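The structure appears below as structure tokens.
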Amino acid sequence: MASALKFGYYSAQKELLKKELSVSVWPELPTDKELAISAYRKQFTTSRKTFAKTDLGTGNNRIASVSKVAKSSSISRINGQFLYALVRAFQPKSILELGTCLGVSTQYLFHGNKLAKITSVEGCPGTFGVRQGLSSQDSEQQIQFLNQSFIDFFNSVETQFDFVFLDGHHDGKATLQYFELLKPLLLNHTIIVFDDIHWSADMFNAWKQLKQAQGFRSFELFQFGILVKM
Ligand SMILES: C[S@@+](CC[C@H](N)C(=O)[O-])C[C@H]1O[C@@H](n2cnc3c(N)ncnc32)[C@H](O)[C@@H]1O
């Protein structure tokens with residue numbers, strides 16, 4: 001019963017979001033794109049290499065397995081398909097991703113609109129190097145990968161964005177701070193996707209505050225909290 005109610009709620013939110021974006025049907029990820037993204041992901045999930053992973057909170061390094069990070073931190077296929085559908089439907093021109101990791105979610109964003117300029121930010125030098133070393137995709141001409149902390153990025157950015165995917169530093173206070181820093185960079189009708197809103201009580205409390213933001217409509221879809229600037 002509880003799961004039926006939950007499912008009904010998500011479906012209703014999805015319908016509302018479709019209405020808000022004037023989308024009749026959510027675009028499906030074509031098989032060739034799905035295969036390309038799977039091949040991209042597989043380079044990392046089958047790697048036997050290790051690297052120095054920096055915890056951006058403490059600054060501590062630990063040796064991590066590329067394969068384990070790829071499996072535990074990269075977006076799932078189902079959520080990736082939804083991210084793709086959002087970009088495909090909305091066709092943003094300027095996309096910001098905070099939290100590249102190995103770039104799997106970046107691939108879904110890229111395939112959603114190959115003409116969009118994508119800026120993707122990753123603070124851990126080791127993770128940044130692993131992605132850079134293994135991926136030689138032509139897609140990257142459209143994508144600017146930056147090895148910076150989110151705060152350093154906000155201190156130097158001059159671009160504006162009409163689609164933002166925030167998938168890193170899952171801390172409530174930090175998420176609220178990033179939202180404030182994002183506000184002056186947003187174009188009208190920008191979509192902001194907050195990942196992992198159920199990560200912790202603290203993250204969910206932050207999402208409850210974000211939902212109240214003036215001038216935005218909010219939607220909740222499984223682990224995503226979505227704000228659309230009006
Ligand atoms: C969950 S992973 C991103 C996964 C990726 N979006 C995907 O689905 O393929 C989060 C990433 O954010 C990075 N990160 C966390 N806090 C950060 C910060 N304050 N500045 C820059 N990068 C940060 C981490 O190093 C990690 O690689």
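The values are calculated or read from the model by the stated rules, or taken from the named source; none is laboratory data. Predicted, not measured: the structure shown is a model, and the values here were computed from it. Here the Cβ positions follow ideal geometry from the backbone for every residue, glycine too, while neighbour counts run over all protein chains shown.
What do you reckon, is residue 130 in contact with a helix residue (DSSP H, G or I) (Cβ under 6 Å, 6 or more places away or on another chain) and within 13 Å of the ligand (Cβ to nearest atom)? So residue 130 passes the test. Kindly indicate whether residue 68 is within 16 Å of the ligand (Cβ to nearest atom), loosely packed, with under 15 Cβ neighbours inside 10 Å and either free of Cβ contacts under 8 Å to residues at least 24 places away in the same chain or acidic (Asp, Glu) (or both). Yes: the conditions hold for residue 68. For the list (1) over 16 Å from the mean Cα position of the chain (by Cα); (2) modelled with pLDDT of 95 or more; (3) assigned to a helix (DSSP H, G or I), I need the number of the one condition that residue 139 fails. Condition (2) is where residue 139 drops out. When segment 25-47 is filtered for residues that are touching a His at 6+ places or on another chain (Cβ under 9 Å) and in a loop (DSSP other than H, G, I, E, B), the ones remaining, listed by number, are 29, 30. Of the numbered criteria (1) touching a helix residue (DSSP H, G or I) at 6+ places or on another chain (Cβ under 7 Å); (2) over 28 Å from residue 64 (Cβ atoms), the one residue 182 fails is (1). Looking at 99, 80, 103, just one residue is within 12 Å of the ligand (Cβ to nearest atom) and in contact with a His (Cβ under 8 Å, 6 or more places away or on another chain), and that residue is 99.
Does at least one position in segment 152-169 carry a residue that is within 19 Å of residue 93 (Cα to Cα), surrounded by fewer than 16 Cβ atoms within 10 Å (Cβ to Cβ), in contact (Cβ under 8 Å) with a residue 40 or more places away in the chain and of a type outside the set (Phe, Trp, Tyr)? Checked segment 152-169: at least one residue is within 19 Å of residue 93 (Cα to Cα), surrounded by fewer than 16 Cβ atoms within 10 Å (Cβ to Cβ), in contact (Cβ under 8 Å) with a residue 40 or more places away in the chain and of a type outside the set (Phe, Trp, Tyr).
Scanning segment 49-78 for residues that are charged (D, E, K, R) and out of contact with any helix residue (DSSP H, G or I) (no Cβ under 7 Å at 6 or more places or on another chain) yields 55, 62, 68, 77. Just one of (1) of a type in the set (Lys, Arg); (2) within 16 Å of the ligand (Cβ to nearest atom); (3) more than 19 Å from residue 131 (Cβ to Cβ) fails for residue 6. It is (2).
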